[in-house]
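The values are calculated or read from the model by the stated rules, or taken from the named source; none is laboratory data. Keep in mind that this is a model prediction, so the values were computed, not measured. Note: ideal-geometry Cβ built from the backbone for every residue, glycine included; neighbour counts use all protein chains shown. All accessible areas refer to the heavy atoms of the entire protein, side chains included, with ligands and DNA or RNA removed. Shrake-Rupley method; radii C 1.70, N 1.55, O 1.52, S 1.80 Å.
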Amino acid sequence: MHVAGACSDAYFVVLLFKNQEDYARDPQSYILNRAFPCENQSFSYDVADLPSSVQDGTYYLLIGQEGERGPWSPITGLTEVMINHTR
């Protein structure tokens, strides 16, 4: 799965939540938070690039953005993703 879109801050942030309601309950309850440069006001990320430390299963992906300082803010909704590492 590949996600791409527009971003206007310095970085886009890949956030992964275990349960669908986790983000609504506590936006800081992510199990993965990785930031990458937002280049030419766009982002692009392959879910296959998630670290192997993420166990197989169903998760909820959210893309955010953040500047040099301050918190991230969401730029996508939650997307259900199924992780199945090939062995």
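Is at least one residue of the stretch 45-58 of a type in the set (A, V, I, L, M) and free of Cβ contacts under 8 Å to residues at least 12 places away in the same chain? Before the answer, list the steps.
Taking the stretch 45-58 first, the residues of a type in the set (A, V, I, L, M) are 47-48, 50, 54.
In the following step, the residues that additionally are free of Cβ contacts under 8 Å to residues at least 12 places away in the same chain were identified as none.
No: zero hits.
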Within the stretch 36-87, restricting attention to residues that are over 20 Å from residue 25 (Cβ atoms), part of a strand (DSSP E or B) and of a type in the set (A, V, I, L, M), which residue is least open to solvent (accessible area, probe 1.4 Å)? 83
For the stretch 8-33, pairs from a residue that is without any contact (Cβ under 8 Å) to a residue 40 or more places away in the chain and of a type in the set (Val, Ile, Thr) to a residue that is in a helix (DSSP H, G or I) and open to solvent by less than 90 Å² (accessible area, probe 1.4 Å), with Cβ under 9 Å and 6 or more apart or across chains, are 31/22
